[in-house]
Amino acid sequence: MSDSPQESTADVPGSDAEWREQLDDEEYEILRNQGTEARFSGEYVDHFEDGKYRCKGCGEVLFDSETKFDHGCGWPSFYAADDAKVEKREDLSHGMRRIEVVCANCESHLGHVFDDGPEPTGKRFCINSVALEFEDEE
């Protein structure tokens, strides 16, 4: 696999300086400071190829393309995630009550999960494209 995210999740940056070295400014703002990319600006909003979506921070596989759907919200949406690979946390920022989704391996901010998705889960994982790297199915 050329130019793909690292296969091992063992090399997670241990310090803020290492994170800043690994990520560009936008990636750092979103993954480490819980930022959000602009609606409809992300690389994977209208991306529907077969494959896996990995964490930009550590390379962990988080989402499968089979669970991706077009919600029209402006961010990539998935109706399911690998529960062992993501953590859900209460987020009370911006005067709202939401559930934040982070990578269980490196604790990078990915986005939020809502209860307005399709069956079979009824969930919508609303994820920043910047937080992901896509790996084509081979």
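Read the figures in this text as sums done on the coordinates, not as results from a lab. This structure is a prediction, so every number in the text was calculated from the model and none was measured. Here the Cβ is made from the backbone with ideal geometry for all residues, glycine too, and neighbour counts use every protein chain on show.
Counting beta carbons within 10 Å around each of TYR53, TYR28 and listing the fewest first gives the order TYR28, TYR53. Considering helices alone, the calculated mean residue ellipticity of the chain at 222 nm is -3000 deg cm²/dmol, with DSSP H runs of length four and up weighted by -39500 (n - 2.57) and normalised per residue. Scanning residues 5 or more positions from HIS71 or on other chains, those with amide H under 5 Å from its amide H are SER77, with H placed 1.01 Å from N in the peptide plane. Close amide H partners of LEU23, meaning residues 5 or more places away or on another chain with modelled amide H under 5 Å apart, do not exist here.
For the chain, taking a cut-off of 4.7 Å between Cβ atoms, the unpaired cysteines are CYS73, CYS126.
Here region 16-136 is treated with +1 on each Lys and Arg Cβ and -1 on each Asp and Glu Cβ, and its dipole about the Cα centre works out to around 500 debye. Amide H contacts of PHE63 (H built 1.01 Å from N, in plane; Pro and chain starts excluded): TYR53 sit under 5 Å, all sequence-distant by 5 or more or on other chains.
If you run the Gaussian network model on the chain, springs between alpha carbon atoms under 10 Å, then out of ALA81, ALA104, ALA17 the most flexible one is ALA17. Taking 0.36 nm per residue of separation and subtracting the Cα-Cα distance, full extension of the segment from PHE48 to ASP83 would add 10.4 nm.
Computed from backbone phi, the HN-Hα couplings of region 52-68 come to 10, 10, 9, 5, 5, x, 9, x, 5, 6, 10, 9, 10, 4, 5, 9, 7 Hz, rounded to whole numbers (Karplus: 6.51 cos²θ - 1.76 cosθ + 1.60, θ = phi - 60°; Gly and Pro given as x). Each Cα pair under 8 Å and six or more residues apart adds its sequence gap; the mean of these over the residue count of the chain is a relative contact order of 28 percent. For region 26-70, the alpha-carbon coordinates run over 29, 24, 12 Å along the three principal axes, in decreasing order.
Would you mind counting up the charge near THR121? Only other residues with Cβ under 14 Å from its Cβ, with Lys and Arg at +1 and Asp and Glu at -1. Every neighbour counted, the sum reads -3.
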